Structures are given as C-alpha cells and as structure tokens.
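The structure under discussion appears below in the form of structure tokens.
Just so it is clear, none of the values below were taken in a lab; they were calculated from the coordinates. All figures in this text were calculated on a predicted structure; none of them were measured in a lab. Positions of Cβ are backbone-derived with ideal geometry, glycine not excepted, and every protein chain shown enters the neighbour counts.
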Amino acid sequence: MGNVRPGQRKTLLGKALALLHPTRFEEPFGLSVAEAMFCRTPVIAFNRGAMQELIVGGKIGFLVNTVEETVQAVGKIGHLSRQECRQWAQAMFSIEKMVNGYLDVYERILKKFS
C-alpha cells in the first residue's frame, strides 16, 4: 500500500494479525514497530538493530533470524496478548516517557559542557 495516512495506518495496524518487519539493516529505532504495538498488534521482526530493545520475544512479538523462523512465528502469533502489546508500548514509548528520556540526555550533555 505504500505510505498511508495516520487514520489509515491505525486501521491497518489495528486489524492486522501482526506486523512483519523484515529489516535487513541495523535499524536504530523502528517507529513502525512502536506504532503497531500501540495498535495492539504484535510484531515479528528480524533480530537486527534496536529490535531487541523494542520487542519482548514471545510476549508481544517474535525476534527471528530467517524466513523459516518468520513462518514459524506467524503460526504462534495467536498465542500473544494484544493487550500486552498496547501496555508495553504505553510503558515504553508514551509521549511523557520519550520527552523525559530526551530531557535526561540533554541534561547529561549540558553537564559535560558546564
């Protein structure tokens, strides 16, 4: 579908069985992964970059290394709690959490130069 508007994205992600995120590079964050979890959608992602920090394997998604593992994970996705996906996203990526995290980093940087 390519790029979609926020309203479409919410609907697509919210109705999806899972988000497949087969990134082959060391992605530093993965905004689409967080967005999916806010929509209560588990994520199956290649174990690259920041994915270990974003996905609690076996609870809100699966970290995989091969296409074969991805296929196996799809078969297990129904055992995950969609509510846990949302709770994890809120705990880790809420606006308040993200803003406070950035402020902490900025304060540490300023202390180094003062």
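Key figures
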quantity: CD proxy at 222 nm, helix term only [per DSSP H run n ≥ 4: -39500 (n - 2.57); per residue of the chain; nearest 500]; calculated: -16000 deg cm²/dmol
quantity: Aspartates and glutamates whose Cα lies under 20 Å from that of LYS112, excluding same-chain neighbours fewer than 8 positions away; calculated: ASP104
quantity: Length released on extending from LEU12 to LEU110, taking residue separation times 0.36 nm less the Cα-Cα span; calculated: 31.1 nm
quantity: The chain: mean projected area of Cα convex hull, nm²; calculated: 8.4 nm²
quantity: Amide H contacts of HIS21 (H built 1.01 Å from N, under 5 Å, at least 5 apart or other chain); calculated: ILE44, ALA45, PHE46
quantity: For the chain: relative contact order, % (alpha-carbon pairs under 8 angstrom, 6 or more apart); calculated: 22 percent
quantity: Under 28 Å from LYS10, Cα to Cα: lysines that are on another chain or at least 8 residues apart; calculated: LYS59, LYS76, LYS97
quantity: Residue among LEU12, LEU103, LEU80 with the largest mean-square fluctuation in a Gaussian network model of the chain, springs linking Cα atoms under 10 Å; calculated: LEU103
quantity: Residue (of THR66, GLN8, THR23) at the positive-pole extreme of the chain, dipole from beta-carbon charges; calculated: GLN8
quantity: Label-point separation, ARG24 to HIS79 (7 Å along Cα→Cβ), nm; calculated: 3.0 nm
quantity: Filtered chymotrypsin sites (Phe, Trp or Tyr not before Pro), the stretch 1-92: DSSP coil and at most 11 other beta carbons within 10 Å; calculated: PHE25
quantity: Compactness index (Cα Rg / 2.2 N^0.38 Å), the stretch 1-59; calculated: 1.08
